[in-house]
């Protein structure tokens, strides 16, 4: 589309505002995204990004108690936040008439937390219980093990939730120092999507804003314009992948398959993840790979579901998915299988990958995958919160911002030859990895199965 369905406004301090007007909805989603997460931590403070995200809900300058912070629910809205490897996001959704209150709360959470010591110990205990819950969920545990084995000596491989010792060591001063270091305006993207008044209209090469959109811009300038840029210097041992990023890069140099096993005596089922190293977030390969991922491991019509579950009856759940960051990425397959059938399931999964490497995919499979993705995007486009993620993440990560229409054009240009070339490029034995959580000890026979 020549006239993109969003507009961007950058404040003098570097904070970016993305506005996405949508017709036919009565709600507005707001988000304040911060470009920081677990990979920006050190081992001694691992988990502090997530800890901080919890603590801001205990009170801010304007909303000093948890009861005050939770007013969004009292006006009928939805509020939440999450922390990931390279992003922390404070988000909510309300009726369009309440957008100002919703945005102000997210502003307070991101920029004005009290971080009072009296709440630190209690919330630490809450997170430790959250950690125990994850340990009790083998499907979650195998994902953590799989991720860590890819990046064992990097902050990228650390757990988002942190470790028990690093959480116990974190105090109010730890959280305040971390907030001061990373929560700077040039690392923030503010996004509003939904009923923002009339749609943006093109006037020559400029965008003409409506009165309500002008009010949003004024509020963002008022609430965020006074934030000071970070003066922290960058060091030569770290990579600056965009204006706002600062972390040690990861270089993929795996030369043989790897197996990691966690023995959980009370596990009644074996949980396995098998995967391969792929590409960084901005790679053009991601468009073809999104189609390949659906063909192989997403939904009832995927090859893995039909072969491993329907034909062989080896599992209830099997699925694939891709993860990528500024420097590296991987693709993985998860399955929960009977303990005595792990070897059979592993062989069957690898056979399917080998078939794909040998014979490629069919044009019919590609056509179906393209239709599926377009349909999913159509469904998701009915929710303003989807657009805060869609546009906000692209902007935060310093990527060229694609509209839905731009993305679909990229998908449509993908050919059978392109996908088959991707399979040849990335389906490599030396980058195979397998993580397993079950009630037995390590079985070296499984490691010998890892080849294509």
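Remarks
- Which listed residue is within 21 Å of the chain's Cα centre (by Cα) and either assigned to a helix (DSSP H, G or I) or over 30 Å from residue 432 (Cβ atoms) (or both), from 309, 393: 393
- Residue in segment 371-384 that is over 22 Å from residue 25 (Cβ atoms) and surrounded by 15 or more Cβ atoms within 10 Å (Cβ to Cβ) present: yes
- Qualifying residue in segment 331-349 (condition: under 30 Å from residue 86 (Cα atoms) and outside any strand (DSSP E or B)): no
- Candidate set from segment 22-57 (those that are more than 29 Å from residue 246 (Cα to Cα) and out of contact with any strand residue (DSSP E or B) (no Cβ under 8 Å at 6 or more places or on another chain)); member that is surrounded by the most Cβ atoms within 10 Å (Cβ to Cβ): 23
- Qualifying residue in segment 139-149 (condition: within 23 Å of the chain's Cα centre (by Cα), free of Cβ contacts under 8 Å to residues at least 12 places away in the same chain, closer than 27 Å to residue 79 by Cα and surrounded by fewer than 19 Cβ atoms within 10 Å (Cβ to Cβ)): yes
- When residues in segment 97-109 are screened for being out of contact with any helix residue (DSSP H, G or I) (no Cβ under 9 Å at 6 or more places or on another chain) and within 14 Å of residue 25 (Cα to Cα), 1 of them pass.
Computed from the coordinates by the stated procedures, all read-outs in this text should not be read as laboratory data. This is a predicted model, so every value here is computed, not measured. Note that each Cβ is placed from the backbone with ideal geometry, even for glycine, and that neighbours are counted across all protein chains shown.
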